[in-house]
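Only one structure is covered here, and it is reproduced in the block below.
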Amino acid sequence: MATPSTNGECRDQHGRFATGNAGGPGNPLGGKVAKLRAALVEAVSEDDIRAVAATLVSLAKGGDPQAIKELLNRALGRPLEHDILARIEALEQNTEVHHAINQRQIAET
């Protein structure tokens, strides 16, 4: 069994939570939110969703900017941030560097 750190956080030497750690309190409202979501799902029918979607499409076609944005976000997904390609490239380079370091360490052993 890992020895918990002495910093009072009950973590092992790798920074992971040690065995037996009770963890945090979680989301104190999680249970209530789950019940509310279940009630909403039970209260809304497929026809209700279709009617709301038809209204949203109608508003978007009429030029309502908020309806247009909502419709496109729901139908196509939110647009990517403008710097996504730069961030992906940085992640790939970081991964390549770590891979090279790991290969060197393996070769040295």
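Filter segment 1-33 down to residues that are hydroxyl-bearing (Ser, Thr, Tyr) and surrounded by 10 or more Cβ atoms within 10 Å (Cβ to Cβ) and give me whichever is modelled with the highest pLDDT.
The selected residue is Thr19.
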In segment 34-79, residues that are of a type in the set (A, V, I, L, M, F, W, C) and exposed (fewer than 10 other Cβ atoms within 10 Å of the Cβ) total 4
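Residue by residue, here is whether (1) assigned to a helix (DSSP H, G or I); (2) within 27 Å of Arg78 (Cα to Cα); (3) among the charged types (D, E, K, R) holds:
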residue	(1), (2), (3)
Gly31	yes, no, no
Arg37	yes, yes, yes
Ile49	yes, yes, no
Ala54	yes, yes, no
Val57	yes, yes, no
Ala67	yes, yes, no
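The values are calculated or read from the model by the stated rules, or taken from the named source; none is laboratory data. These numbers come from a predicted model, not from an experiment. Neighbour counts run over all protein chains shown; Cβ positions are idealised from the backbone, glycine included.
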